[in-house]
Amino acid sequence: MKNKFFFLLLSICITYGNILNDFKNHKYKKICNIKMINSITDEKVLSLVGISCVKTDRLYLLPFIIKKLKHTKIGRLNSIYLLTIYMQKKLLYSFMFDKLILNNFNLPDTDYIISHVFYKIKNKEYKKSKNIIVLDYNEEIIKVYKDGDKLFIDEYKNNKLLKRHWFR
């Protein structure tokens with residue numbers, strides 16, 4: 001019985017150690033997956049998985065993480081952060097596809113691109129060119145548009161595409 005417990009404890013340490021190491025090495029795609037989410041109960045580690053999902057724009061996985069972050073103060077706080085990003089994504093999606101008016105929604109601000117776009121649109125700080133919303137943000141131009149059932153956010157600097165985010 002002691003050997004089984006030792007091996008279980010060792011495998012947990014190795015798994016969580018690998019996650020922490022992968023996170024430090026910016027291997028976010030490796031960390032953010034449903035198998036990882038379902039296998040982790042430690043809310044600090046699960047929070048790292050959630051942040052990895054944000055960093056890789058895999059926001060569709062956030063609800064699975066959010067529902068598990070409820071037993072500790074740090075888990076609940078991280079749940080609010082992840083939920084804010086997820087909610088802003090859903091509201092932006094509805095704005096682009098259904099013409100939902102955003103000025104009635106007050107959500108916390110985050111450091112994620114969706115937050116910046118959400119508040120610029122909410123405060124009507126944008127230009128519209130055909131079906132593309134154009135925002136000035138720091139020294140970048142951000143273009144928001146839809147294609148099929150996807151929402152795209154492109155970041156440009158000096159007319160060069162820096163990063164493309166897409167969401168469903």
With respect to K130, determine if the residue is without any contact (Cβ under 8 Å) to a residue 60 or more places away in the chain, out of contact with any helix residue (DSSP H, G or I) (no Cβ under 9 Å at 6 or more places or on another chain), loosely packed, with under 14 Cβ neighbours inside 10 Å and under 30 Å from I40 (Cα atoms).
-> no
Selected residue [under 18 Å from the mean Cα position of the chain (by Cα), assigned to a loop (DSSP other than H, G, I, E, B), modelled with pLDDT of 95 or more and under 30 Å from D42 (Cβ atoms)] from L69, L62, L83 = L69
Residue that is nearest to L59 (Cα to Cα) [pool: residues in region 115-168 that are assigned to a strand (DSSP E or B), among the basic types (K, R) and in contact with an Asp or Glu (Cβ under 8 Å, 6 or more places away or on another chain)] | R164
Look at S52 and say whether it is in a helix (DSSP H, G or I), of a type in the set (G, A, S) and modelled with pLDDT under 95.
-> no
For region 79-113, enumerate the residues that are under 16 Å from V134 (Cα atoms) and in contact (Cβ under 8 Å) with a residue 40 or more places away in the chain.
-> L92, Y93, M96, I113
Hey, D57 hits all of (1) touching a residue at least 40 places away in the same chain (Cβ under 8 Å); (2) charged (D, E, K, R); (3) more than 21 Å from F167 (Cα to Cα) but one; which does it fall short on?
-> (3)
Scanning for something within 22 Å of Y81 (Cα to Cα), charged (D, E, K, R) and modelled with pLDDT of 95 or more, does region 115-124 turn up at least one residue?
-> yes
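Every residue, every condition in (1) surrounded by 15 or more Cβ atoms within 10 Å (Cβ to Cβ); (2) at pLDDT below 75; (3) more than 20 Å from K68 (Cβ to Cβ); (4) not hydroxyl-bearing (S, T, Y), yes or no:
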{"position": "K4", "(1), (2), (3), (4)": "no, yes, yes, yes"}
{"position": "L10", "(1), (2), (3), (4)": "no, yes, yes, yes"}
{"position": "N18", "(1), (2), (3), (4)": "no, no, no, yes"}
{"position": "I40", "(1), (2), (3), (4)": "yes, no, no, yes"}
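The values are calculated or read from the model by the stated rules, or taken from the named source; none is laboratory data. Everything numeric here is computed off the predicted structure, so don't read it as measured data. All Cβ positions, even for glycine, are placed from backbone atoms using ideal geometry, and neighbour counts span all protein chains on display.
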